[in-house]
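J.: The structure under discussion is supplied below as structure tokens; questions concerning it will follow.
The values are calculated or read from the model by the stated rules, or taken from the named source; none is laboratory data. No experiment lies behind these values; they were computed from the predicted model shown. Note that we place each Cβ from the backbone using ideal geometry, even for glycine, and neighbour counts take in every protein chain shown. Accessible surface areas use protein heavy atoms only, side chains included; no ligands, DNA or RNA. Shrake-Rupley method; radii C 1.70, N 1.55, O 1.52, S 1.80 Å.
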Amino acid sequence: MKSNTSRVVILFLLIVPTVVWALDHDNLDPNRPIAIEDAYVVPKGEIGVEGGLLFSDRKRGDSRLVFQPQLIIGALNNTQLELSSDVSTDPRSVVGDDKSGNLTVGALYNFNTETLSLPAFAARVQLGFPTGVNAKGVDTAVTGVMTRSFGQWRTHLNVGYTFLGSPQGQERSGTYRVVAAVSYPLGYPTSFRDTIIANVFTRQSDLMGQRNPTGIGIGLRHQISSRVVADIGIGSELFGPADRSVFFSTIGLSVGF
């Protein structure tokens with residue numbers, strides 16, 4: 001695990017150049033702080049580094065801490081590229097895709113800007129390479145993203161499917177996931193430094209014969225400066241398998257260079 005983690009960290013450090021990026025707390029990225037993203041990408045030429053710490057208290061099994069680093073690059077017009085990984089304190093208990101220490105490479109493409117009659121749409125493609133603990137095969141994930149505004153309220157829908165490259169044991173060969181959320185800028189229009197987000201989610205269980213993990217989450221993104229956004233979130237998998245997360249919390253930081 002140590003060598004896999006070191007390779008991920010070194011790769012991030014080699015890729016990150018020094019640029020100026022004004023981060024926006026109203027832009028939503030996966031897991032910062034909860035499982036939802038909006039349909040917009042960072043502008044071409046801009047770069048940011050994000051990191052978060054997830055605590056998961058499971059109904060059965062040991063509690064788990066997960067470090068979630070991510071690099072975002074505005075590579076082309078309407079297109080951002082990403083590098084990410086999850087590093088867990090209990091790596092051998094992770095099943096399904098996204099094994100602890102896996103390196104994930106992804107791209108998000110925005111099709112359009114929202115209009116009065118049409119929501120904003122985007123598509124994401126990700127490849128998960130087996131650099132982690134007990135990982136085999138290359139996993140592929142595709143996600144459709146929609147964002148629609150109603151005044152200052154923004155609604156979001158993410159629908160995705162993951163294909164496992166080499167399922168092990170009782171792992172499914174593929175799993176779907178659906179997340180819906182709303183976000184709102186707190187204090188608007190006198191203040192515009194905080195955005196609150198709430199979501200509901202369900203995803204197919206990683207192992208055959210188990211119930212789908214289904215739950216809720218709520219989070220806050222706070223603008224510390226033009227280059228720094230902090231986030232915090234909590235949630236629960238209300239239904240699901242015996243080892244579901246009855247409580248989880250996240251705290252993270254997004255920094256532009």
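J.: Please enumerate, by chain and number, the aspartates and glutamates with C-alpha under 12 Å from the C-alpha of residue 59, excluding those fewer than 8 residues away in the same chain.
T.: Within the straight-line cut-off, residue 59 pairs with 237, 243.
J.: Show that you can apply the helix-only estimate: for the chain, add -39,500 (n - 2.57) for every DSSP H stretch of four or more residues, divide by all residues, and state [θ] at 222 nm to the nearest 500.
T.: So the calculated ellipticity at 222 nm is -2000 deg cm²/dmol.
J.: Here is a further query. Tell me, what ³J(HN,Hα) does each residue in the range 108-123 have, in order and in whole Hz, if you take phi through Karplus 6.51 cos²θ - 1.76 cosθ + 1.60 with θ = phi - 60° and put x for Gly and Pro?
T.: 10, 10, 8, 7, 6, 8, 4, 10, 4, 10, 9, x, 7, 10, 8, 9
J.: Moving on to the next point. Can you tell me the relative contact order of the chain? Whole percent, Cα pairs under 8 Å, sequence separation 6 or more.
T.: So the answer I get is 20 percent.
J.: Using r as the Cβ-Cβ distance of residue 149 and residue 92, and R0 as 41 Å, what FRET efficiency do you calculate, to the nearest 0.05?
T.: For residue 149 and residue 92, the calculated efficiency is 0.40.
J.: Got a number for carbon plus sulfur as a percent of the range 67-111's accessible area, 1.4 Å probe?
T.: 59 percent
J.: Would you please give the FRET efficiency between residue 118 and residue 251, computed as 1/(1 + (r/R0)^6) with r the Cβ-Cβ distance and R0 = 45 Å, to the nearest 0.05?
T.: My answer for the efficiency is 0.80.
J.: Additional query: Quick one: if the Förster radius is 25 Å, what FRET efficiency do residue 63 and residue 214 give, using the C-beta to C-beta distance and rounding to 0.05?
T.: So, using R0 = 25 Å, E works out to roughly 0.75.
J.: Have a look at 87, 106, 116 and report the one farthest towards the positive end of the charge dipole of the range 68-210, computed about the Cα centre with Cβ charges (Lys/Arg +1, Asp/Glu -1).
T.: 116
J.: Taking the Cα centre as origin and putting +1 on Lys and Arg beta-carbons and -1 on Asp and Glu beta-carbons, what dipole magnitude results for the chain, to the nearest 20 debye?
T.: Approximately 380 debye in magnitude.
J.: Taking the Cα centroid of the range 181-198 and of the range 58-77, what is the distance between the two, rounded to the nearest whole Å?
T.: First find each Cα centre; the distance between them is then 24 Å.
J.: Another question about this same structure. State, to one decimal in nm, how far the label point of residue 170 lies from the label point of residue 194, with both points 7 Å from Cα in the Cβ direction.
T.: Between residue 170 and residue 194, the simple spin-label model gives 4.3 nm.
J.: Give me the number: length gained by fully extending residue 236 to residue 105, i.e. 0.36 nm times residue separation minus the C-alpha to C-alpha distance, one decimal in nm.
T.: 44.4 nm
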